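Inspection log for the structure reproduced underneath, given as structure tokens.
The values are calculated or read from the model by the stated rules, or taken from the named source; none is laboratory data. All of these numbers come straight from a predicted model, not from anything done at the bench. Here the Cβ positions follow ideal geometry from the backbone for every residue, glycine too, while neighbour counts run over all protein chains shown. To get the accessible areas, we keep the full protein, side chains included, count just its heavy atoms, and leave off ligands, DNA and RNA. Shrake-Rupley method; radii C 1.70, N 1.55, O 1.52, S 1.80 Å.
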Amino acid sequence: QQPVQSPQAVILREGEDAVINCSSSKALYSVHWYRQKHGEAPVFLMILLKGGEQKGHDKISASFNEKKQQSSLYLTASQLSYSGTYFCGTERTGGGADGLTFGKGTHLIIQP
Amino acid sequence: KAGVTQTPRYLIKTRGQQVTLSCSPISGHRSVSWYQQTPGQGLQFLFEYFSETQRNKGNFPGRFSGRQFSNSRSEMNVSTLELGDSALYLCASSLAPITGLNTEAFFGQGTRLTVV
């Protein structure tokens, strides 16, 4: 079952912050985050494993709450280059045979 | 180093035909996974191959199949094409299996399949 991403779309001004959420109805082992720009291939952002860890890369960070089966992606002081569609991919606990299940994506538009 | 290469980039097929798509992973990568991307459903996992063995499979009919060769190149085959198979097919390669390990996947540009 696909994880649910929210919001579906968001428009921000450069410099504003954004939060993208990813929720699953199943117990999760890991959450993968990717960004895809229009007409391009998805690009890896980060992976979070169960254990409630947080990760960060430049001004993009994420958290994973395995008890709530939720992950959030935080983009601070957004830049024009952050525009694109963000996907979370989840691997459920004991579900390696299912592969990664991706959400439908969150469209992020950063305006000058 | 070269990225993930998918061929062809664009393909138009007729309903009922079959199609084979190719994916050449990054040198040294042994895992190749395939995805179908459509506006309505987003990215959907098809299957993953690691060291020539299918490791896992998504919820797709048996018309979708794949294989991996000893050089890690992978092909995906769709038989008896339906209009609903029109989509962007992406493959991704990684050093280790994409699930179960802390592994970054690198995506190709995709093959745009149109079924008419």
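Data for the structure
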quantity	calculated
In Å², nearest 10: area of residue A:11 left accessible to a 1.4 Å probe	110
Residue A:66 long-range amide H proximity, modeled H, under 5 Å	A:51, A:52
Phi to ³J(HN,Hα) by Karplus 6.51 cos²θ - 1.76 cosθ + 1.60 over segment A:13-27, Hz, x for Gly, Pro	8, 3, x, 7, 9, 9, 10, 10, 10, 9, 10, 10, 8, 10, 5
Accessible surface buried once A binds B (1.4 Å probe; total of both sides; Å²)	1800
Rg and Dmax of segment B:1-69, Cα atoms only, in Å	13.0, 38
Volume of the Cα convex hull of segment A:1-96, divided per residue and given in Å³	98
Cross-link pairs beyond the 19 Å C-alpha cut-off, checked among B:13/B:57; A:37/A:104; A:59/A:104	B:13/B:57; A:59/A:104
Inter-label distance, nm, simple model (7 Å from Cα along the C-beta direction), residue B:104/residue B:71	2.6
Kirkwood Rh and Cα Rg combined as Rg/Rh, the protein assembly as shown	0.97
Sorted peptide list for A:80-90, A:15-25, A:62-72, criterion being average Cβ within 10 angstrom, highest first	A:80-90, A:62-72, A:15-25
Set of segment B:87-116 residues, backbone N closer than 19 Å to the point 7 Å along the Cα-Cβ line of residue B:30	B:92-106
At least 40 Å² accessible surface lost relative to isolated chain, residues of segment B:86-110 (1.4 Å probe)	B:98, B:99, B:100, B:102, B:104, B:107, B:109
Amide N proximity, segment B:8-46 versus residue B:116 label position 7 Å along Cα-to-Cβ, cut-off under 13 Å	B:11-15
Bridge type composition, chain A - antiparallel percent by DSSP, nearest 5	90
Relative contact order [Cα under 8 Å, 6+ residues apart], chain B, whole percent	36
Mean separation of Cα contacts under 8 Å, 6 or more apart, over the residue count of chain A: relative contact order %	37
Surface accessible to a 1.4 Å probe, per residue, for the residues of the protein assembly as shown, Å²	47
Long-range amide H partners of residue A:14 with built H, under 5 Å	A:111
Solvent-accessible area lost in complex, 30 Å² minimum, residues of segment B:32-46 relative to chain alone, 1.4 Å	B:37, B:41, B:43, B:45
